[in-house]
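Chemist: My questions all concern the structure below.
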Amino acid sequence: MPGMDQIQREIQAIKEKNQWWVENHEVHGGTVEGPYPNGDRFILHFKYDVTPKQTGKRITLDETGLYTVQDGKIVKEEFFYSM
């Protein structure tokens, strides 16, 4: 998203980013597939039908999140998507 870092580090930054996302989008539906684990990381595939409150234009988001785990906790979140 414009103005948002593609990588979030540490749980507080991840929580704040997710809270911002929820507050700034109307979610009409969605799916999450996974997890697909590999060592200390795992991937989730997201598809959401949303209306960003900034634009009011309904869109479909199709993105993949890569999560890194350390000591049983998520310490890094990265998103990959087509613009």
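Chemist: Is one or more of the residues making up region 36-53 over 12 Å from the mean Cα position of the chain (by Cα), surrounded by 13 or more Cβ atoms within 10 Å (Cβ to Cβ) and of a type in the set (Ser, Thr, Tyr)?
Modeler: Yes, that holds for at least one residue.
Chemist: Looking only at region 15-23, decide whether some residue is of a type in the set (Val, Ile, Thr) and either touching a helix residue (DSSP H, G or I) at 6+ places or on another chain (Cβ under 9 Å) or outside any strand (DSSP E or B) (or both).
Modeler: Yes, because at least one residue in region 15-23 is of a type in the set (Val, Ile, Thr) and either touching a helix residue (DSSP H, G or I) at 6+ places or on another chain (Cβ under 9 Å) or outside any strand (DSSP E or B) (or both).
Chemist: Which pairs turn up if I take residues in region 24-38 that are at pLDDT 95 or above and look for partners that are outside any strand (DSSP E or B) and not β-branched (Val, Ile, Thr) with beta carbon separation below 9 Å, at least 6 apart in sequence or on another chain?
Modeler: Glu26/Lys53; Glu26/Arg58; His28/Arg58
Chemist: So Lys57 fits all but one of (1) among the charged types (D, E, K, R); (2) outside any loop (DSSP other than H, G, I, E, B); (3) at pLDDT 85 or above; (4) surrounded by fewer than 13 Cβ atoms within 10 Å (Cβ to Cβ); what number is the exception?
Modeler: The failed condition is (2).
Chemist: Out of Glu33, Glu77, I need the residue that is assigned to a strand (DSSP E or B), of a type in the set (D, E, K, R), on the phi < 0 side of the Ramachandran plot and surrounded by 12 or more Cβ atoms within 10 Å (Cβ to Cβ). Which one?
Modeler: Step by step, each of Glu33, Glu77 is checked, and only Glu77 is assigned to a strand (DSSP E or B), of a type in the set (D, E, K, R), on the phi < 0 side of the Ramachandran plot and surrounded by 12 or more Cβ atoms within 10 Å (Cβ to Cβ).
Chemist: Taking the criterion of being in contact (Cβ under 8 Å) with a residue 40 or more places away in the chain and assigned to a strand (DSSP E or B), would at least one residue in region 62-74 satisfy it?
Modeler: Yes: one or more hits.
The values are calculated or read from the model by the stated rules, or taken from the named source; none is laboratory data. These numbers come from a predicted model, not from an experiment. Glycine also receives a Cβ, built like all others from the backbone with ideal geometry; neighbour counts cover every protein chain displayed.
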